[in-house]
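Heads up, the thing below is written out as structure tokens.
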Amino acid sequence: MQLKEFKQNLGLTDIPAELEKLIHFQNTVSDFEEYSQGFGVLIDDKSGIKSWSEDEAFLERLFPFAQANCSGSIYAVWNDGSSKAFNELPVVVFGDEGGVHIVAENLSALLQLLTFDSEISVDHEEVYFYKDEEDYEESEGHASYKNWLKEQFGLEPVENPDELIEQAQEKYKVDFDRWFSGYYKD
């Protein structure tokens, strides 16, 4: 993936170090879906989130940037209308079978969630990560990803991803749900 094309797709001249370094990692160390199950940074034309609303005011505040699982869920940064830097804005997951949820307080928290190495589950009521330890097989590039995350950002792997999701939802869920309901009615 070309960094220039990724920036143009998002409509940004600069992207946060978290995304720039992650793209470099995905391009040079590990591949799409090989460092955390079902995850990969991609160029997205917003077609998936347009199924929720085609209103320009809706679309201009969402920046889809990654596949969340193998079945088509998408991660997007939500511009919550604050003056925060892009890397400090919350991350939302749009489920391929329904459900839209705040999942991380910011990009760093999402990168940390990826250390759980499990596909995210998204339904109308909840969002969560689950791993059956008996059947779990670590992604090929996962050890490299955890080392890279520690070296680049000083972030440790998570044992309980629900804690990070809960923190993000406590902080942003009410505001996001209010904003989202202005564009989409269930």
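The values are calculated or read from the model by the stated rules, or taken from the named source; none is laboratory data. Because the structure is predicted, anything quoted here is derived from the model rather than measured. A quick note on method: Cβ atoms are made from the backbone with ideal geometry, for glycine too, and the neighbour counts reach across all protein chains shown. Ligands, DNA and RNA are stripped out before the accessible areas are found, and what is left, the full protein with its side chains, is counted by its heavy atoms. Shrake-Rupley method; radii C 1.70, N 1.55, O 1.52, S 1.80 Å.
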Using Cα pairs closer than 8 Å and at least 6 residues apart in sequence, work out the relative contact order for the stretch 59-186, in percent.
21 percent
Counting only helical runs of four or more DSSP H residues, what would the 222 nm mean residue ellipticity of the chain come to if each run contributes -39,500 (n - 2.57) and the total is spread over all its residues?
-10500 deg cm²/dmol
Filtered GluC sites (Glu not before Pro), the stretch 1-78: DSSP coil and at most 14 other beta carbons within 10 Å:
54, 60
Candidates per chymotrypsin sites (Phe, Trp or Tyr not before Pro) in the stretch 99-141, loop by DSSP, up to 12 other Cβ within 10 Å
130, 136
Pick from 96, 14, 132 the residue whose mean-square fluctuation is largest in a GNM of the chain, springs joining Cα atoms under 10 Å.
132
With the calculation restricted to Cα positions, what are the radius of gyration and Dmax of the chain in angstrom?
15.5, 46
Tell me which of 48, 114, 30 sits at the most positive position along the dipole axis of the chain, charges placed on C-beta atoms (Lys, Arg +1; Asp, Glu -1).
48
Of all accessible heavy-atom area on the stretch 29-164, the percent that carbon and sulfur account for (1.4 Å)
39 percent
Count the net charge of all other residues whose Cβ sits under 10 Å from the Cβ of residue 14, scoring Lys and Arg as +1 and Asp and Glu as -1.
0
Any idea of the accessible area per residue across the chain, 1.4 Å probe, to the nearest Å²?
50 Å²
Identify the trypsin sites (Lys or Arg not before Pro) of the stretch 78-186 meeting these criteria: DSSP loop state and at most 14 other C-beta atoms within 10 Å of the C-beta.
84, 131, 185
Pull out a ≥ b ≥ c, the square roots of the eigenvalues of the alpha-carbon gyration tensor of the stretch 95-142, then state rounded if a/c is under 1.5, prolate if not and a/b is larger than b/c, and oblate in the remaining case.
oblate
Check: the stretch 76-174 dipole with +1 on Lys, Arg Cβ and -1 on Asp, Glu Cβ, in debye
780 debye
Given charges of +1 on the Cβ of Lys and Arg and -1 on the Cβ of Asp and Glu, with all other atoms neutral, how large is the dipole of the chain about its Cα centre, in debye to the nearest 20?
980 debye
Below 27 Å, Cα to Cα, which lysines can residue 150 reach? Residues fewer than 8 away in the same chain don't count.
4, 7, 21, 84, 131, 171
Under the classification rounded if a/c is under 1.5, otherwise prolate if a/b is larger than b/c and oblate if not, where does the stretch 133-186 fall, given a ≥ b ≥ c as square roots of the Cα gyration tensor eigenvalues?
prolate
